[in-house]
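For reference, the structure is listed below as structure tokens.
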Amino acid sequence: MHMTVNIHDSLQSRKDSTMLQIKGALSIRWLFLLLILPLLIGGCAAKQKNVTFTAIIESVTENSLLVTTSDPVGFDKASIGLGDTKPDFQPAPGQKVEITIRPEIMESYPVQAFAVKIRLIADGN
């Protein structure tokens, strides 16, 4: 009977040891997830900044401007949605303007973007 108790104690000891290893592994996994999760949710990329460039207005509609860029911004023409942005001048073809757009640029031709600010540099007349 003494031998049976020792075997039973040995098995119980192994079971306890295995349970501690499992709990330790689970704790490490949770710790890893808690450390990595904010990176996955927040993203690794830095926040993009608005883009500002100089352009000549080609045409004007009620809600957008078609412009040709004068600065090396990665595109030569752009359709700029005005949205809630209201210029403090009357946009007209031929005017030279400084435009600040949101960083979200739709890849088409011409590219499409939304204005944050539009400033008149020179009247085209």
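Annotations for the structure displayed:
- Length released on extending from residue 62 to residue 85, taking residue separation times 0.36 nm less the Cα-Cα span: 7.1 nm
- In order through the range 51-66: 3J(HN,Hα) via Karplus (6.51 cos²θ - 1.76 cosθ + 1.60), integer Hz, x for Gly, Pro: 10, 10, 8, 9, 8, 10, 6, 8, 8, 10, 10, 4, 10, 7, 10, 9
- Residue-by-residue Karplus 3J(HN,Hα) for the range 71-80, coefficients 6.51, -1.76, 1.60, Hz, glycine and proline x: 9, x, 10, x, 8, 9, 10, 8, 9, 9
- Each residue of the range 91-99 was assigned a 3J(HN,Hα) from its phi angle through the Karplus curve 6.51 cos²θ - 1.76 cosθ + 1.60 (θ = phi - 60°); the sequence is x, 8, x, x, 6, 9, 10, 9, 10 Hz, with glycine and proline shown as x.
- Within the same chain, aspartates and glutamates fewer than 8 places from residue 49 are excluded, and of the rest, those with a Cα less than 15 Å from its Cα are 104.
Rule-based calculations on the coordinates, nothing more; no lab input. Keep in mind it's a predicted model, so treat the numbers as computed, not measured.
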